[in-house]
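To keep things clear, I will list the structure first and then write my remarks on it.
The numbers here are math on the coordinates, done by the rules we state, and not lab data. Remember, it's a predicted structure, so these values are computed and weren't measured experimentally. Positions of Cβ are backbone-derived with ideal geometry, glycine not excepted, and every protein chain shown enters the neighbour counts.
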Amino acid sequence: MVKIGILEVDGVLTLYEHFGHLPTNVVKADGKIENGKKAHEELDGLIIPGGTIMESESLTPELAEEINLINDNDGFILGMCAGFQILGKETDVGRNSPVPIIREGLGLLDVTFEPLINTNKVEADVVDDTTLFTKGLKDTTVTGFHCHTYGKIESNDKNVMYSNIVRANYKHKPSRVLSGVTNKKGNILGTTVHGLLDNNPAIVNNILDYLDATKQYDEIIAENKKLHEKVFNEIAVNTNNFYIPKKEHPEVPPMIMLMGTGSESGKTFLASGIVGALRERGIHTYVVKVGPDIRDLSPSLYMNKEKLHDYASIKIGDIGWTPLDEVIEQVKGKGYDLVLVEGVMSAATGLLNEKVPYSTAEIAYAGNIPVIMVSSVSKGGIETAAIDIEAHIKLLNKMDIKTKGIILNRTYDEKIVAHVTDFLSDKSGIDKNNIWSITKAKVENKGRVPEDYLQLENFTKAAKDVVNKDLDVMKFVELAEIPKFRDYLTFNEIVDIYKK
């Protein structure tokens with residue numbers, strides 16, 4: 001039977017997609033598979049998933065040599081998103097830096113990358129069929145999604161795929177962008193179209209045909225299932241910390257929402273820490289995001305070794321993927337013990353937009369989802385955060401949204417926190433035991449980089465450590481409730497609430 005490797009190193013989202021259920025063996029940073037043999041000696045092909053490989057600097061010399069040798073052996077190599085960057089020449093990862101921050105790839109594809117954010121579902125046009133991946137597919141359309149920060153691609157190689165996107169850099173900007181490049185030999189494909197193999201069986205069939213393995217597909221799928229179970233059971237990557245699940249899971253998982261008083265309140269950081277801490281306790285938690293920025297889900301999916309499903313993005317207005325009522329239906333029976341909803345920006349951001357729904361608060365109302373209010377004290381201090389939280393809770397009360405807990409994030413003074421906790425409990429009626437203070441976490445990065453330069457392995461470890469230290473994480477399970485969709489408030493109803 002043919003063997004197809006999938007790379008699993010720090011910063012890689014190994015199970016973010018299924019890759020057509022093709023992978024049969026894991027390749028580690030030393031370039032070896034599980035039996036200790038070098039990858040190029042055993043594998044017929046290699047898949048490099050997305051993640052933060054460039055930022056995490058996970059490409060070791062041993063691994064680089066094995067990838068080059070697989071190419072020399074005419075094995076197929078598929079690089080997805082960050083895996084594409086690894087195969088290219090270089091990536092400028094300094095999105096908010098005044099000067100470029102360059103990370104070099106292997107140069108197997110003559111491609112460079114610069115920042116361009118896109119999180120669309122996409123249709124991509126195949127414009128070349130001379131590669132093993134696109135054989136017979138020229139002038140057809142394939143489907144998938146984008147989830148990247150570095151999507152501006154300059155190529156001097158063979159361009160085979162162009163995506164039609166609607167938004168870029170958070171703005172409505174319909175355009176056609178390069179999303180698939182191969183080498184001249186045609187055995188290497190780099191692409192930004194996630195779900196390419198899962199959504200387009202013809203490409204899987206082309207790979208199997210190239211490997212003369214079409215009749216072996218059932219065996220490959222069986223081996224892939226074993227690999228999936230093994231990878232899934234470890235919490236994050238290279239931690240030797242394993243998930244021991246509860247024996248039974250509810251058919252309808254309860255939900256609870258992390259709702260912020262503004263951007264940069266720490267929702268994404270806390271969500272990934274909560275996922276990891278609960279998983280250590282045998283609780284399977286899936287995170288869904290209000291709105292379209294599915295990049296925020298990557299840390300939680302890294303912790304959980306989870307696929308990004310369509311229901312991971314709750315549609316608001318004309319952005320995002322799946323309407324809330326469908327999300328509630330689709331998470332049923334999936335083995336989740338809890339669904340954690342991460343809000344977008346402030347609870348009220350978009351609330352007075354005539355598109356309905358267009359805010360986190362409207363989603364919480366419509367799903368009857370209880371809320372944990374999160375506010376960072378970094379900008380205005382602990383007292384300002386408390387006043388901001390109180391104002392938000394008053395608004396939520398008017399909207400018939402239940403606030404069940406409060407998190408003061410990045411606190412620095414225990415005495416002030418104690419006074420503020422009394423104040424918030426008195427004003428909101430929330431039990432003081434459900435008002436938490438999170439101390440500022442130290443996230444160590446490996447490079448000289450801007451603050452928002454994310455390394456998944458360090459970010460998620462710091463999140464889990466601080467959650468385990470400062471939160472009673474099982475309370476999130478206790479405070480969650482079974483969602484009940486009750487339709488959205490009308491725009492006029494929202495305006496009337498504001499006037500009260």
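To the nearest 500 deg cm²/dmol, what mean residue ellipticity at 222 nm is calculated for the chain from DSSP H runs of n ≥ 4 alone, each contributing -39,500 (n - 2.57), summed and divided by the residues? Can you show the working numbers first?
Values: 16 runs with 156 residues, N = 500.
The helix contribution divided over the chain gives -9000 deg cm²/dmol.
Quote the charge dipole size of the chain about the Cα centre in Debye, to the nearest 20; the model charges only the Cβ of Lys and Arg (+1) and of Asp and Glu (-1).
Result for the chain is approximately 960 debye, rounded to the nearest 20.
Among A418, V339, L46, which residue has its Cα positioned farthest towards the positive end of the charge dipole of the chain, with +1 placed on the Cβ of Lys and Arg, -1 on the Cβ of Asp and Glu, and the dipole taken about the Cα centre?
Working it through, the farthest residue towards the positive pole turns out to be A418.
Can you give the convex hull volume of the alpha carbon atoms of the range 365-500 per residue, in Å³? Can you show the working numbers first?
Numbers: hull volume 20.3 nm³, N = 136.
In the range 365-500, the Cα convex hull volume per residue is 150 Å³.
Can you tell which of M80, A168, G107 lies farthest toward the positive end of the dipole of the range 78-213, using +1 and -1 charges on the Cβ of basic and acidic side chains (Lys, Arg; Asp, Glu)?
After comparing all options, I get A168.
How many lysine pairs are close in the range 93-232, with Cα atoms under 22 Å apart and the two 8 or more places apart or on different chains?
Number of lysine pairs found: 18.
Determine, for each peptide in 365-378, 23-36, 142-155, the mean count of other beta carbons within 10 angstrom over its residues, then list the peptides with the highest first.
Top of the packing list down: 365-378, 142-155, 23-36.
Before anything else, pin down the relative contact order of the chain: Cα pairs under 8 Å, at least 6 apart, normalised by residue count, whole percent.
Reported as a whole number, the value is 14 percent.
Compare the peptides 46-55, 162-171, 1-10 by average per-residue count of other Cβ atoms within 10 angstrom and give them in order, highest first.
46-55, 1-10, 162-171
Just to be sure I understand the model, the point goes 7 Å from the Cα along the line to the Cβ. What's the resulting N73 to L479 distance in nm?
Those two pseudo-labels are separated by 5.2 nm.
Assuming 0.36 nm per residue, please report the length gained on full extension of the stretch E354 to A64 beyond their Cα-Cα distance.
Net length gain for the segment: 99.2 nm.
So how far apart, in nm, are the two label points at V231 and I244 if each is 7 Å from Cα heading toward Cβ?
A separation of 2.5 nm, rounded to one decimal place.
Can you tell me the orientation of helix 61-72 relative to the chain, as the angle in degrees between its alpha-carbon axis and the longest Cα principal axis, to the nearest 10?
Tilt of helix 61-72: around 50 degrees.
Which FRET efficiency value, to the nearest 0.05, is calculated for D30 and D413 with the Förster distance at 51 angstrom and r the Cβ-Cβ distance?
0.65
Over the range 257-407, what number does the Rg to Rh ratio reach, with both radii from the alpha-carbon atoms and Rh per Kirkwood? Present the calculation step by step, with values, prior to reporting the outcome.
Details: Rg = 14.7 Å, Rh = 15.5 Å.
With Rh from the inverse mean 1/r over Cα pairs, Rg/Rh is 0.95.
Roughly how large, in nm² to one decimal, is the mean projection of the convex hull of the alpha-carbon atoms in the range 38-179?
With every direction weighted equally, the projected area is 8.9 nm².
Using alpha-carbon pairs under 8 Å, 6+ residues apart, how would you state the relative contact order of the range 219-317 in percent? Mind showing how you got there, number by number?
On the way: 107 pairs, mean separation 29.1, N = 99.
It comes to 29 percent, rounded to a whole number.
Round to the nearest 10 and give me the degree value, 0 to 90, for the angle of helix 217-233's Cα axis relative to the longest principal axis of the chain.
Approximately 40 degrees, to the nearest 10.
Using DSSP, restrict attention to beta bridges with both residues in the range 244-371 and report what percent are antiparallel, rounded to the nearest 5.
5 percent
For the range 255-499, what is the percent of antiparallel DSSP beta bridges, rounded to the nearest 5? Don't jump to the answer; show the numbers that get you there.
Values: 2 of 30 bridges.
Of those bridges, close to 5 percent are antiparallel.
Give me the angle, in degrees from 0 to 90, between the Cα long axis of helix 201-210 and the longest principal axis of the Cα atoms of the chain, rounded to the nearest 10.
It is inclined by approximately 30 degrees.
Going 7 Å from the Cα of Q216 along its beta-carbon direction, which residues of the range 1-17 have the amide nitrogen within less than 16 Å of the resulting point?
1-6
Which of the peptides 189-197, 320-328 is most tightly packed, and how do the rest follow, going by the mean number of other Cβ atoms within 10 Å of each residue?
With the highest mean Cβ count within 10 Å placed first, the list reads 189-197, 320-328.
Just how many % of Cα pairs in the range 1-65 lie over 17 Å apart, if you round to the nearest whole percent? It would help to have the intermediate numbers written out before the result.
Details: 733 of 2080 pairs.
For the range 1-65, the share of Cα pairs beyond 17 Å comes to 35 percent.
List, in order, the whole-Hz ³J(HN,Hα) value for each residue of the range 390-395 obtained from phi through the Karplus relation with A = 6.51, B = -1.76, C = 1.60 and θ = phi - 60°; use x for Gly and Pro.
Coupling constants for the range 390-395: 4, 5, 5, 5, 4, 5 Hz.
For the chain, what is the percent of antiparallel DSSP beta bridges, rounded to the nearest 5?
Bridges in the chain are about 45 percent antiparallel.
So, in nm, how far is label E123 from label E329 when the simple model puts each one 7 Å beyond its Cα toward the Cβ?
In this crude spin-label approximation the distance works out to 2.4 nm.
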